[in-house]
1. Counting just the residues of segment 76-105 that are crowded, with 20+ Cβ neighbours inside 10 Å and aromatic (Phe, Trp, Tyr), which one comes out nearest to THR14 (Cα to Cα)?
2. Considering SER108, SER73, which residue is in contact with a Ser or Thr (Cβ under 8 Å, 6 or more places away or on another chain), crowded, with 16+ Cβ neighbours inside 10 Å and more than 23 Å from ALA6 (Cβ to Cβ)?
3. If you scan segment 1-42, which residues turn out to be assigned to a loop (DSSP other than H, G, I, E, B), in contact with a His (Cβ under 9 Å, 6 or more places away or on another chain) and surrounded by 13 or more Cβ atoms within 10 Å (Cβ to Cβ)?
4. Considering each residue of segment 43-58, count those that are assigned to a loop (DSSP other than H, G, I, E, B) and either free of Cβ contacts under 8 Å to residues at least 24 places away in the same chain or touching a Leu at 6+ places or on another chain (Cβ under 6 Å) (or both), and give that number.
5. Given the conditions (1) without any contact (Cβ under 8 Å) to a residue 40 or more places away in the chain; (2) under 13 Å from the mean Cα position of the chain (by Cα), report the number of the one that THR88 does not fulfil.
6. What number goes with the only condition from (1) surrounded by 15 or more Cβ atoms within 10 Å (Cβ to Cβ); (2) within 16 Å of SER108 (Cα to Cα) that PHE45 does not pass?
7. Taking strands (runs of 3 or more DSSP E) that fall entirely within segment 59-109, which contain at least 3 residues that are among the hydrophobic types (A, V, I, L, M, F, W, C)?
8. Looking at segment 25-35, is at least one residue touching a Leu at 6+ places or on another chain (Cβ under 7 Å), in contact (Cβ under 8 Å) with a residue 40 or more places away in the chain and either more than 18 Å from ALA107 (Cβ to Cβ) or of a type outside the set (Ser, Thr, Tyr) (or both)?
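Derivation of every value follows stated rules applied to the coordinates shown; laboratory data play no part. Everything quoted here is computed from the prediction, not taken from an experiment. We place every Cβ from the backbone using ideal geometry, glycine too, and count neighbours over all the protein chains shown.
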Amino acid sequence: MYSTEAFTAADTLTKEESGKLCTNEGAGGDVALTLPQDAEGGCRFTFLVVAAHYLTITSGAAGAIYLNGTKGSDVGFIRENVADELVTLIAIGNGDWFTVEATSGWAST
């Protein structure tokens, strides 16, 4: 069983937290989470918007996020602010992250 953590402020995730469901439940404003830079291939996180504030997922200094088959900019991010929107990202081992599951509202830069 995977653990769940509600983030109410910005944080940097670690590869040891792989498999975690990350939400913004209880947040009074926008929350930004940074993916681990040293993640090995297969490291995975799921993000769920609970509070109607932006949940922003940043690739960090050495990577990009692929969303809907398109590579985002290096040091880019994806975000969503509609409750019940979900995205699962998996590290591909070179600093980049690939979307393996996403509801329709997530946008990238």
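1. In this case the residue turns out to be TRP97.
2. On inspection, the qualifying residue turns out to be SER108.
3. ASN24, ALA27, ASP30, listed by residue number.
4. Counting residues in segment 43-58 that are assigned to a loop (DSSP other than H, G, I, E, B) and either free of Cβ contacts under 8 Å to residues at least 24 places away in the same chain or touching a Leu at 6+ places or on another chain (Cβ under 6 Å) (or both) gives 1.
5. (1)
6. So the condition that PHE45 fails would be (2).
7. In segment 59-109, the matching strands (runs of 3 or more DSSP E) lie at 86-91, 97-102.
8. There is at least one residue in segment 25-35 that is touching a Leu at 6+ places or on another chain (Cβ under 7 Å), in contact (Cβ under 8 Å) with a residue 40 or more places away in the chain and either more than 18 Å from ALA107 (Cβ to Cβ) or of a type outside the set (Ser, Thr, Tyr) (or both).
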